[in-house]
Amino acid sequence: MKTDKTNVMRILEQKGVDYSTRSYDPDAFPTGVDVAAALGEDPGSVFKTLVTVCARTGEHFVFVIPVCAGLDLRKAARASGSKEISMIRQKELLPLTGYVHGGCSPVGMKKSFPTFIDETYILYDRISFSAGRRGLQVTVRTSGLDAVLGFVPADLV
């Protein structure tokens, strides 16, 4: 079955990043750890995308972390140079990023936000993250990923 290309896939191609896609039933696998298991991947190599806001400035930041971990908001604030940040409300995600909950990708958001990736990504030859649609993941090689996509590696979990 052929998968329609998402904006994530188009951008990866435009930037010269080789990728592969894998699909799964998003209703059958409710958590990122479940998705990793369904795809036969180490949960440390499957990443989720979280969007935050600095209450003082209103600036948004994107954090990409392993699905088996939680974002440490203090570390995230330090990485972003903010005093304090918090997660955005779920209802704000689609208007802000163009993505729905469960299908949010760090690539191809409506607007460009400073994006940080947990430094553990370098432990893997390749990582997976949402392809911009629920039930669809892209897998990319990690070598040079931060330079090509503008991710800033940081200690986030």
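Is the C-alpha gyration tensor of the chain telling us rounded, prolate or oblate? Criteria: a/c under 1.5 is rounded; beyond that, a/b larger than b/c is prolate, otherwise oblate. Rounded, because the longest to shortest axis ratio a/c is under 1.5.
I'd like to compare 6-12, 39-45: which one has the highest average count of other Cβ atoms within 10 Å, and what's the full order after that?
Values: 6-12: 19.1, 39-45: 16.3.
Averaged packing, sorted descending, gives the order 6-12, 39-45.
Taking the protein heavy atoms of the stretch 1-83 in the context of the full set of protein chains, the accessible area attributed to carbon and sulfur is 47 percent at 1.4 Å. Split the accessible area of the stretch 117-157 by element, probe 1.4 Å, and carbon with sulfur accounts for 50%. Placing +1 on each Lys and Arg Cβ and -1 on each Asp and Glu Cβ, with no other charges, gives the chain a dipole about its Cα centre of roughly 560 debye. Paramagnetic label reach from Lys15 (point 7 Å along Cα→Cβ; backbone nitrogen cut-off under 14 Å): within the stretch 53-78, residues 62-64.
Taking label positions 7 Å along the Cα-Cβ direction at both Val148 and Val33, the computed distance is 3.1 nm, reported to one decimal. In the stretch 36-157, taking the dipole from charged Cβ atoms about the Cα centre, the farthest positive-side position among Ala36, Gly58, Phe113 is held by Gly58. For the peptides 113-123, 73-83, the ranking by mean Cβ contacts within 10 Å, running from highest to lowest, is 113-123, 73-83. A Förster radius of 35 Å, combined with the Cβ-Cβ distance separating Lys83 from Lys111, puts the computed FRET efficiency at roughly 0.95.
Taking 0.36 nm per residue of sequence separation and removing the Cα-Cα distance, the Lys91/Ser23 pair yields an extension gain of 22.0 nm. For Tyr19, the accessible area of its heavy atoms, probed at 1.4 Å with every protein chain present, is near 60 square angstrom. Placing dummy labels 7 Å off each Cα toward the beta-carbon, the span from Val157 to Lys5 is 3.2 nm.
Please give me the summed charge of the neighbours of Gln137: other residues whose Cβ is under 12 Å from its Cβ, Lys and Arg +1, Asp and Glu -1. Could you put the intermediate results ahead of the total?
Numbers: positive: Arg22, Lys48, Arg126, Arg133, Arg134; negative: Glu41.
Computed value for this residue: +4.
Contact order, relative form, for the stretch 1-94: 20 percent (alpha carbon pairs under 8 Å, 6 or more residues apart, mean separation divided by residue count). Counting lysine pairs in the stretch 1-152 whose alpha carbons fall under 29 angstrom apart, excluding pairs fewer than 8 residues apart on the same chain, gives 26. In percent, rounded to a whole number, the relative contact order of the stretch 89-146 is 31, using alpha-carbon pairs under 8 Å and six or more apart.
Computed over protein heavy atoms with a 1.4 Å probe, the accessible surface of the chain works out to 53 Å² per residue.
Relative contact order, percent, of the stretch 41-157 when contacts are C-alpha pairs under 8 Å separated by at least 6 residues? Write out the running numbers ahead of the final one.
Values: 234 pairs, mean separation 34.2, N = 117.
Once divided by the residue count of the stretch 41-157, the mean separation gives 29 percent.
When the chain is treated as a GNM with alpha-carbon contacts under 10 Å, the residue of Gly103, Gly70, Gly132 showing the greatest mean-square fluctuation is Gly70.
The values are calculated or read from the model by the stated rules, or taken from the named source; none is laboratory data. Bear in mind that the values here come from a model prediction, so they are computed numbers and not experimental data. Because the Cβ atoms are built from the backbone with ideal geometry, glycine has one as well, and the counts that use them run over all protein chains shown. For accessibility, only protein heavy atoms count, side chains too; no ligands or nucleic acids. Shrake-Rupley method; radii C 1.70, N 1.55, O 1.52, S 1.80 Å.
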